[in-house]
Amino acid sequence: MLLRHAACPDSVADTSGRPLVYPVGIRACPDADLLAGGQDRGVSLRVLIVDDNAPFRAAARALLEAGGFQVAGDAVDGADAITETAAVRPDVVLLDIGLPDMDGFTVCGKLTAVLPHVVVVLCSVRDAESYGDAISRSAAAGFLPKSQLSAQRLASILAAASTVDPADQSDRR
């Protein structure tokens, strides 16, 4: 099944169980220079992992790469996340809410204001209910408890986010 990303209507992601890819010739986002080469090649969705816990970053990298995502890099705090996102231009940022220098909601707002094509998925050791309506008020595409992290769960959140009309998001960005 091919899904369109709300922020980038020309992009598609294949979620039929195969690795998530952008077919060559379809740009992932307006400033993505990821797609080059032959017609039968694709590029995995690129993820930046932002978490101050090194063992979690390593586990997340292993899980996501095993599921077909390409981990473009990682960051240990909010300031590093902003710098790394601008540098590596990921498609997705997996962002811990509890960072040492600023909370994930603040980082999410800063990232999506500067790079609106980046899809942010918040994560935490706490459950979503712990944050009240802060998650739904944020510019994040969704929330993933760390205990449930998998490539399949991340793909599900991205698929759900791709069905949202960008006009419905205008007041959240």
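Here, each number is a calculation from the coordinates, and none is a lab measurement. As the structure is a prediction and not an experimental result, all values here were calculated from the model. Note: ideal-geometry Cβ built from the backbone for every residue, glycine included; neighbour counts use all protein chains shown.
Dividing the alpha-carbon radius of gyration of segment 36-164 by the rule-of-thumb value 2.2 N^0.38 Å gives 0.99.
Starting from the coordinates of the alpha-carbon atoms of segment 76-141, obtain the Kirkwood hydrodynamic radius over all distinct pairs and give the value in Å to one decimal.
On the way: mean 1/r = 0.0848 Å⁻¹.
Here the Kirkwood hydrodynamic radius works out to 11.8 Å.
Spin-label model, ASP127/ALA87: points 7 Å from Cα along the beta carbon direction are separated by 3.8 nm.
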